[in-house]
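Novice: To start, I am sharing the structure in question, which I have written as structure tokens.
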Amino acid sequence: MEDSILVLSEISSKEFRDMVRIASHRMSKNVQFVNDLNVFPVPDGDTGTNMNLTMESGAKAVSENASSSVGDLTESLAKGMLMGARGNSGVITSQLFRGFYKATQGKTTLNAQELANAFSNGVATAYKAVMKPVEGTILTVARVGAQAGANKANETDDVEEVMQAIVEGAKEALKSTPDLLPVLKQVGVVDSGGQGLVFIYEGFLEGLLGENLDDKYVPDADDMNSLINATHHQAVQGQLATSDIANGYCTEIMVDLKADVPNKKPFDLEEFRSYLSELGDSLLAVSDGEIAKVHVHTEYPGKVFLYGSQFGQLGKIKIDNMRIQHETIVDNEQEQQESVDFAVIAVASGNGVRKLFESEGVNRIISGGQTMNPSTQDIMDAITKSGAKQAIILPNNGNIIMSAKQAAEVAEIPVGIVPSKTIQQGLTAMLAFNPEASVDANVEAMTDELGSVKSGEVTRATRDTEINGVEIHKGNFIGIVEGTIVVDDVDPIVATVAMIEKMLDEDSEIVTVMYGSDATEEEAQAVVDRLEAAHEDDDCEFEIYDGGQPVYNFLISVE
């Protein structure tokens with residue numbers, strides 16, 4: 001008599017906890033492997049670190065939830081990952097599981113079809129979160145894996161087989177990423193974010209199959225705390241004068257979209273935002289489908305109330321007349337939280353770089369940047385601790401912009417994001433900051449300034465490779481202009497001078513050299529001396545600052 005084949009028809013809270021726990025463990029074991037897949041041979045390969053910390057944050061939230069409902073656990077997972085998300089890879093991963101939660105909320109267990117649907121909904125949510133989705137990335141791996149799971153769910157009721165299909169589909173998609181992104185094929189690697197997601201999915205499968213891992217390798221709640229709570233803040237506070245405001249009433253409402261009201265209209269968040277944007281500025285309108293929350297500065301608070309009441313029952317209502325408000329200014333040397341009207345928050349590393357931002361009016365600085373991307377929670381904490389009524393975020397790194405946007409979406413005050421990708425862009429953007437203008441006006445003006453500066457960085461190559469015709473040697477100094485490697489040399493001064501020469505043109509007026517913790521003032525002066533000798537007939541001026549930044553020997557701006 002043949003052995004009967006056992007079919008696992010549903011996932012209970014116990015299985016789901018194991019899936020999350022082991023996925024987190026598997027990701028943590030492979031952090032360096034994923035980091036090493038970074039395309040550029042520079043020491044910023046932190047995709048693995050970002051995905052690990054994002055997953056750890058979600059796993060911690062699940063471990064603290066005693067519910068026996070899978071839907072409750074997926075909600076904790078999604079919220080934990082959202083708040084712990086770091087870098088683009090972490091944010092996209094958090095969005096995958098936000099969609100997963102939306103498809104599973106209210107469910108005590110998950111059957112095969114529901115599991116497949118959850119992964120598919122996660123993919124749809126993640127694609128919507130990315131302005132310009134690129135194939136050959138983590139999105140492709142997630143999409144193909146989810147499709148494989150959906151196909152398998154049409155053939156079987158076994159959740160293990162569906163999860164197995166998702167893993168196999170994701171692996172096949174990962175192998176194809178170099179064919180979809182030429183830069184991956186050129187360097188000879190698969191997409192790092194996609195590889196991280198495969199590790200997470202493999203952990204889900206192992207947890208579902210009941211494979212046991214040695215407890216000493218599985219982080220408990222305390223270990224997770226130590227990993228995800230390593231936040232970096234500096235209590236840099238500032239006072240900004242209160243000015244006349246064009247739209248004088250700070251108006252807030254909360255709408256219960258589930259409540260029945262006479263002549264109720266269907267709710268569409270985009271239309272809702274569009275209408276309210278015509279009534280004022282500093283608009284923040286968010287919704288989870290059940291509640292809509294609005295903050296807007298307007299001359300017509302009554303119109304805001306009337307409009308919101310068409311979609312449900314008004315709850316919280318608040319109006320402040322900003323023209324008659326005043327702030328109590330506390331001026332002492334003690335470190336304390338101060339209330340400011342408008343905060344500018346920048347991400348930066350290096351004492352000198354921080355001082356430059358402070359001198360230009362930045363109120364609060366989050367320690368971080370290359371190799372140390374702050375999480376959504378880190379940015380949220382900075383917004384909260386600023387005590388501000390509105391804020392601008394300068395991410396100063398392309399890998400931090402998505403985390404900043406997520407923080408802005410859940411913040412309780414209007415928050416604008418200036419998409420600065422470098423320290424140099426952030427410093428230049430501050431020249432356009434006007435504390436008397438609105439968030440939207442400042443974002444527009446500061447963003448316009450980003451194109452007025454060229455950014456260059458010099459660092460050491462982490463491996464041998466060839467990119468864009470430049471032969472790169474491990475340990476050599478490479479010059480990167482606007483994200484493109486243009487120079488490789490064994491000498492940091494030679495590499496820096498050669499890079500700057502490629503940045504200069506007839507309109508160049510000011511060259512700023514910021515030397516980092518691995519460089520010296522003498523080296524910076526040697527760079528400037530060579531450039532001044534070569535351009536003695538030009539009107540270009542040269543400035544030197546001690547930036548103290550890690551990773552980059554030199555940060556260069558040309559304006």
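Novice: Just to be sure before I move on: is ILE393 more than 25 Å from GLU543 (Cβ to Cβ) and either of a type in the set (A, V, I, L, M, F, W, C) or not assigned by TED's automatic domain parsing to the domain that holds ILE500 (or both) in the structure I sent?
Specialist: The answer is yes for ILE393.
Novice: Right, LYS79: touching a residue at least 24 places away in the same chain (Cβ under 8 Å) and either within 18 Å of SER12 (Cβ to Cβ) or charged (D, E, K, R) (or both) or not?
Specialist: Spelling it out, it is not the case that LYS79 is touching a residue at least 24 places away in the same chain (Cβ under 8 Å) and either within 18 Å of SER12 (Cβ to Cβ) or charged (D, E, K, R) (or both).
Novice: Restricting to region 410-427, and then to whatever is of a type in the set (S, T, N, Q) and either assigned to a loop (DSSP other than H, G, I, E, B) or on the phi > 0 side of the Ramachandran plot (or both), can you tell me which residue is surrounded by the most Cβ atoms within 10 Å (Cβ to Cβ)?
Specialist: In this case the residue turns out to be SER420.
Novice: Can I ask one more? Filter region 161-191 down to the residues that are modelled with pLDDT of 90 or more and small (Gly, Ala, Ser), then identify the one that is farthest from the chain's Cα centre (by Cα).
Specialist: Once the filter is applied, the top-ranked residue is ALA165.
Novice: Among the residues that make up region 58-72, is at least one of them outside any helix (DSSP H, G or I), touching an Asp or Glu at 6+ places or on another chain (Cβ under 7 Å) and not aliphatic (A, V, I, L, M)?
Specialist: yes
Novice: Kindly evaluate THR422 against the criterion of being more than 23 Å from VAL130 (Cβ to Cβ), of a type in the set (Ser, Thr, Tyr), over 11 Å from the mean Cα position of the chain (by Cα) and at pLDDT 90 or above.
Specialist: It is false that THR422 is more than 23 Å from VAL130 (Cβ to Cβ), of a type in the set (Ser, Thr, Tyr), over 11 Å from the mean Cα position of the chain (by Cα) and at pLDDT 90 or above.
Novice: Can you find a residue in region 360-367 that is in a strand (DSSP E or B), modelled with pLDDT under 85 and assigned by TED's automatic domain parsing to the domain that holds LYS389?
Specialist: Looking through region 360-367, at least one residue is in a strand (DSSP E or B), modelled with pLDDT under 85 and assigned by TED's automatic domain parsing to the domain that holds LYS389.
Novice: Ok, one more. Just checking, how many residues over region 103-126 are out of contact with any Leu (no Cβ under 6 Å at 6 or more places or on another chain) and within 22 Å of LEU53 (Cα to Cα)?
Specialist: Looking only at that region, the number is 3.
Novice: Can you name every residue in region 176-195 that is among the β-branched types (Val, Ile, Thr) and out of contact with any Gly (no Cβ under 7 Å at 6 or more places or on another chain)?
Specialist: Across region 176-195, the qualifying residues are VAL183, VAL187, VAL189, VAL190.
Novice: If you scan region 393-419, which residues turn out to be more than 8 Å from the chain's Cα centre (by Cα) and of a type in the set (Gly, Ala, Ser)?
Specialist: Within region 393-419, GLY398, ALA407, ALA408, ALA411, GLY416 meet the criteria.
Novice: Just the residues that are closer than 25 Å to VAL34 by Cα, in contact (Cβ under 8 Å) with a residue 24 or more places away in the chain and part of a loop (DSSP other than H, G, I, E, B), please, taken from region 116-166.
Specialist: Hits for region 116-166 are VAL130, VAL134, GLU135, GLY136, THR137.
Novice: What do you reckon, is GLY48 crowded, with 24+ Cβ neighbours inside 10 Å, within 15 Å of THR376 (Cα to Cα) and either of a type outside the set (Asp, Glu) or without any contact (Cβ under 8 Å) to a residue 60 or more places away in the chain (or both)?
Specialist: Details: crowded, with 24+ Cβ neighbours inside 10 Å: yes; within 15 Å of THR376 (Cα to Cα): no; either of a type outside the set (Asp, Glu) or without any contact (Cβ under 8 Å) to a residue 60 or more places away in the chain (or both): yes.
When the stated conditions are applied, GLY48 does not pass them.
Novice: OK, next. So which residues in region 102-115 are surrounded by fewer than 18 Cβ atoms within 10 Å (Cβ to Cβ) and part of a helix (DSSP H, G or I)?
Specialist: Hit for region 102-115 is GLN113, nothing else.
Novice: Please determine, by comparing only the residues of region 373-392 that are under 12 Å from the mean Cα position of the chain (by Cα) and touching a residue at least 40 places away in the same chain (Cβ under 8 Å), which one is nearest to ARG86 (Cα to Cα).
Specialist: SER375
Novice: OK, next. Just to be sure before I move on: is SER76 part of a helix (DSSP H, G or I), at pLDDT below 90, among the small types (Gly, Ala, Ser) and over 19 Å from the mean Cα position of the chain (by Cα) in the structure I sent?
Specialist: no
Novice: Being outside the structural domain of VAL353 (by TED's automatic domain parsing) and either touching a residue at least 40 places away in the same chain (Cβ under 8 Å) or in a strand (DSSP E or B) (or both): is that true of ARG463 here?
Specialist: It is true that ARG463 is outside the structural domain of VAL353 (by TED's automatic domain parsing) and either touching a residue at least 40 places away in the same chain (Cβ under 8 Å) or in a strand (DSSP E or B) (or both).
Novice: Report yes if GLU501 is surrounded by fewer than 19 Cβ atoms within 10 Å (Cβ to Cβ), more than 26 Å from the chain's Cα centre (by Cα) and not basic (Lys, Arg), otherwise no.
Specialist: On the way: surrounded by fewer than 19 Cβ atoms within 10 Å (Cβ to Cβ): yes; more than 26 Å from the chain's Cα centre (by Cα): yes; not basic (Lys, Arg): yes.
So GLU501 fits the description; yes.
Novice: With GLY145, GLY149, GLY106 as the choices, which residue is small (Gly, Ala, Ser) and on the phi > 0 side of the Ramachandran plot?
Specialist: One residue alone meets the criteria, GLY106.
Novice: Let me ask something else. Might you check whether a residue that is at pLDDT below 70 and under 24 Å from the mean Cα position of the chain (by Cα) occurs anywhere in region 131-141?
Specialist: Scanning region 131-141, I find at least one residue that is at pLDDT below 70 and under 24 Å from the mean Cα position of the chain (by Cα), so the answer is yes.
Novice: Only one residue in GLY106, GLY99 is among the small types (Gly, Ala, Ser) and closer than 22 Å to GLY136 by Cβ, so which one is that?
Specialist: Being among the small types (Gly, Ala, Ser) and closer than 22 Å to GLY136 by Cβ holds for just one of GLY106, GLY99, which is GLY99.
The values are calculated or read from the model by the stated rules, or taken from the named source; none is laboratory data. All values reported here derive from a predicted model rather than from experimental measurement. Every residue, glycine as well, gets a Cβ built from its backbone with ideal geometry; the counts of neighbours run over all protein chains shown.
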